[in-house]
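The values are calculated or read from the model by the stated rules, or taken from the named source; none is laboratory data. Small disclaimer: the values here were computed from a predicted structure and weren't measured. When we count neighbours, we look across all protein chains shown, and the Cβ atoms used for this are built from the backbone with ideal geometry, even at glycine. Just so you know, the surface numbers come from the protein's heavy atoms only, side chains and all, with ligands and any DNA or RNA stripped out. Shrake-Rupley method; radii C 1.70, N 1.55, O 1.52, S 1.80 Å.
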Amino acid sequence: MRAVRQNDKSRAFPLSRSVRVRGGIAVLAVAAIASGCAQGSGGARGDRGDGDGATGVRPAAGQPRLEEAPARALDSYATKLRASHAARVAAAKRWGLRKVPLTAPPAPATKPRITTRKGFEVDGHEALELPPVFTTVPTRDKVVFLTIDDGAEKDPAFLRMTRELRLPYTAFLSDYLIKEDYGYFRRMRDGGVVLNNHTLHHPYLPALSYARQKREICGMQRVIEKRYGKRPVLFRPPFGNYDKDTLRAAKSCGITHVPLWNEEVFADRWAYREWDRELRPGDIVLSHFRGREHWKGTMPDMIRRFLDKITAEGYAVARLEDYL
């Protein structure tokens with residue numbers, strides 16, 4: 001049986017396009033309020049005879065009367081946008097980023113069709129309707145997806161950084177590493193991160209029988225459901241290695257997708273699957289829960305390296321689950 005093996009393992013903060021749009025909303029809000037004030041002033045002067053009742057000002061031909069409540073709502077929305085951007089600017093400075101990370105577009109209303117990457121198939125992949133194995137999501141959105149594996153390092157600063165930057169990512173966890181502190185990953189889940197399956201003990205799966213592979217995958221499904229309340233649908237095989245039995249077992253455990261990766265980011269460097277070492281829209285980026293014991297740096301260092309590169313190249317970080 002063929003096994004599929006992967007290669008394992010002075011700062012400025014310019015306004016983005018989205019901020020300019022938000023500025024336009026704010027201008028509209030101010031204009032609406034000013035218009036409302038002008039109408040109210042007309043009423044105070046006693047021009048009620050042929051006006052609009054509440055304001056005393058006749059609307060222009062074909063135009064509805066401006067209500068104060070919509071104007072206030074628009075102003076409130078613009079204020080929230082400005083406050084949200086200000087918080088991101090402050091967080092980017094606080095965590096030492098070169099630029100403010102770009103905001104991802106809304107999740108697609110129609111999800112892209114995910115298929116197995118050429119050369120990553122196993123015998124009978126389509127006939128058995130096995131989960132697709134892929135390294136990139138087909139999209140024209142200029143986004144990438146951050147995925148983080150295993151659970152060895154449990155750095156509180158990483159949770160603070162990703163929360164303050166509102167950074168989406170997907171975690172793939174192994175029980176033998178997370179069981180010493182299930183609470184750390186509960187806080188991660190509470191922050192909106194989806195926790196997914198990376199097996200119980202992180203073995204080289206193609207060396208195991210179908211039954212043992214199923215125990216590794218289904219066993220981790222039960223752990224995550226018990227500890228975090230939701231059974232995963234995403235699975236990443238350890239080291240990116242799998243065979244037909246791996247995908248059969250994963251499917252039997254409720255797995256629908258097997259995302260691998262196109263790039264890997266460390267605290268001090270990047271590694272690439274493609275020869276041209278270029279990011280592409282929809283690329284899945286791998287990292288690990290690691291610290292100074294294994295890396296030349298920390299998890300916040302890794303996030304800085306990741307965000308500085310993708311932001312400089314015009315990419316935003318999107319949530320992988322939103323595209324699947």
- Message: Set the bar at 20 Å for Cα to Cα. Now go through LYS142/LYS251; LYS214/LYS244; LYS80/LYS309; LYS99/LYS142; LYS111/LYS142 and name every pair that lies beyond it.
- Response: LYS142/LYS251; LYS80/LYS309
- Rough spin-label spacing in nm, given labels placed 7 Å along Cα→Cβ, for LYS296 and ALA107: 3.9
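Dipole of the range 213-311, Cα-centred, from +1 at each Lys and Arg C-beta and -1 at each Asp and Glu C-beta, to the nearest 20 debye?
Rounded to the nearest 20 debye, it is 560 debye.
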- Task: Mind listing the long-range amide H neighbours of VAL137? Cut-off is under 5 Å, sequence gap 5 or more, other chains count too, H placed in the peptide plane at 1.01 Å from N.
- Result: ASP283, ILE284
- How large is ³J(HN,Hα) for each residue in the range 253-266, as worked out from phi by the Karplus curve 6.51 cos²θ - 1.76 cosθ + 1.60 (θ = phi - 60°), to whole Hz, x for Gly and Pro? 8, x, 7, 10, 9, 10, x, 9, 7, 10, 9, 10, 10, 10
- Message: Explain nothing, just compute: Karplus ³J(HN,Hα) = 6.51 cos²θ - 1.76 cosθ + 1.60, θ = phi - 60°, for every residue of the range 135-149 in order, whole Hz, x for Gly and Pro.
- Response: 10, 9, 8, x, 7, 8, 5, 7, 10, 10, 10, 9, 10, 10, 10
- Query: If you take the square roots of the eigenvalues of the alpha-carbon gyration tensor of the range 187-324 and sort them as a ≥ b ≥ c, do you get rounded (a/c under 1.5), prolate (a/b over b/c) or oblate?
  - Reply: prolate
- Message: At 1.4 Å probe size, put VAL144, VAL233 in order of accessible surface, largest to smallest.
- Response: VAL233, VAL144
- Task: Please list the non-local residues whose amide H lies under 5 Å from the amide H of HIS288, H modeled 1.01 Å from N, same-chain partners needing a gap of 5 or more.
- Result: ASP149
